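These notes are about the structure you will find just below.
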Amino acid sequence: MRAQILLRKVHYWGSLAIAIPLIIMIGAGVMLMVKKEFDWIQPPSQEGVERNLMPMVSMQELFKAASEIEKAGFTNWEELHRADLKPGKGIIKFVSKTNWEVQVDTHTSEVLSVAQRRSDIIESIHDGSFFADWVKLWIFLPAGVGLFVLWVSGVYLFSSNEYKKRRINKR
């Protein structure tokens, strides 16, 4: 079987096999690319009163200010997904396991913003871990590898066709 025919079959059946995971990956990937543009996906970062300085308030006081927000859904450190210190903006972001984000000024311990953060959920959909860890490794990873194979074979098919056309036109 010639390489052209084999690659066309790989292209034909491969694209069918990876279609659903790829649609999910592309859709979530597009949303992640524009996450800073839409407050619905990721809340905008606020700015504290003092920027580019070390926090003047202790971490415990900053956490206490954030944990007083009932909506955020955390009252102790174990319920927290992460804390993201932004010294250039003078804030710290506390993100709960329920994807609520509380931004606190690092100098006044004033709560600047409370909003739901959907970008982490979208990221887990994008990599497949939202569904299950095995889906990430056994469906989304092979779909990504399959997309690479389709890309390489498509470039080969395109360039070989162009090469043939040019050879015919020269004659």
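The values are calculated or read from the model by the stated rules, or taken from the named source; none is laboratory data. Since the structure is predicted, the reported quantities are computational estimates derived from the model, not experimental observations. Note that we place each Cβ from the backbone using ideal geometry, even for glycine, and neighbour counts take in every protein chain shown.
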Practice task
Search region 120-138 for residues being of a type outside the set (Gly, Ala, Ser) and in a loop (DSSP other than H, G, I, E, B), and hand back the single one that is nearest to MET31 (Cα to Cα).
Solution key: PHE130
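I'd like to know if region 116-137 contains one or more residues that are within 17 Å of GLU70 (Cα to Cα), of a type in the set (A, V, I, L, M, F, W, C), crowded, with 18+ Cβ neighbours inside 10 Å and touching a Leu at 6+ places or on another chain (Cβ under 8 Å). First the steps, then the outcome.
First, the residues of region 116-137 that are within 17 Å of GLU70 (Cα to Cα): 116-117.
From what's left, of a type in the set (A, V, I, L, M, F, W, C): none.
Checked region 116-137: no residue is within 17 Å of GLU70 (Cα to Cα), of a type in the set (A, V, I, L, M, F, W, C), crowded, with 18+ Cβ neighbours inside 10 Å and touching a Leu at 6+ places or on another chain (Cβ under 8 Å).
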Completion exercise
Taking region 118-164 and keeping residues in contact (Cβ under 8 Å) with a residue 60 or more places away in the chain and among the polar types (S, T, N, Q) leaves SER119, SER153, SER160
Handout entry: Filter result for LEU141 (assigned by TED's automatic domain parsing to the domain that holds ILE24, under 15 Å from LEU7 (Cα atoms) and either part of a helix (DSSP H, G or I) or not small (Gly, Ala, Ser) (or both))
Key = no
Practice task
Search region 100-113 for residues that are under 15 Å from ALA72 (Cβ atoms) and pair each with any residue that is of a type in the set (Asp, Glu) and in a strand (DSSP E or B) when their beta-carbon atoms are under 9 Å apart and the residues are at least 6 apart or on different chains.
Solution key: GLU101/ASP84; VAL111/ASP105; LEU112/ASP105; SER113/GLU101
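Answer yes or no: is there a residue in region 88-97 that is without any contact (Cβ under 8 Å) to a residue 24 or more places away in the chain and not acidic (Asp, Glu).
no
Quick grid of which residues meet (1) at pLDDT below 95; (2) not aliphatic (A, V, I, L, M):
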{"site": "LYS9", "(1), (2)": "yes, yes"}
{"site": "TYR12", "(1), (2)": "yes, yes"}
{"site": "LEU16", "(1), (2)": "yes, no"}
{"site": "ILE26", "(1), (2)": "no, no"}
{"site": "ASP39", "(1), (2)": "yes, yes"}
{"site": "GLN42", "(1), (2)": "yes, yes"}
{"site": "GLY48", "(1), (2)": "yes, yes"}
Problem - Residues satisfying the stated conditions in region 45-67, i.e. within 20 Å of GLY88 (Cα to Cα) and either of a type in the set (S, T, N, Q) or surrounded by fewer than 12 Cβ atoms within 10 Å (Cβ to Cβ) (or both) - result: SER45, GLN46, ASN52, MET54, SER58
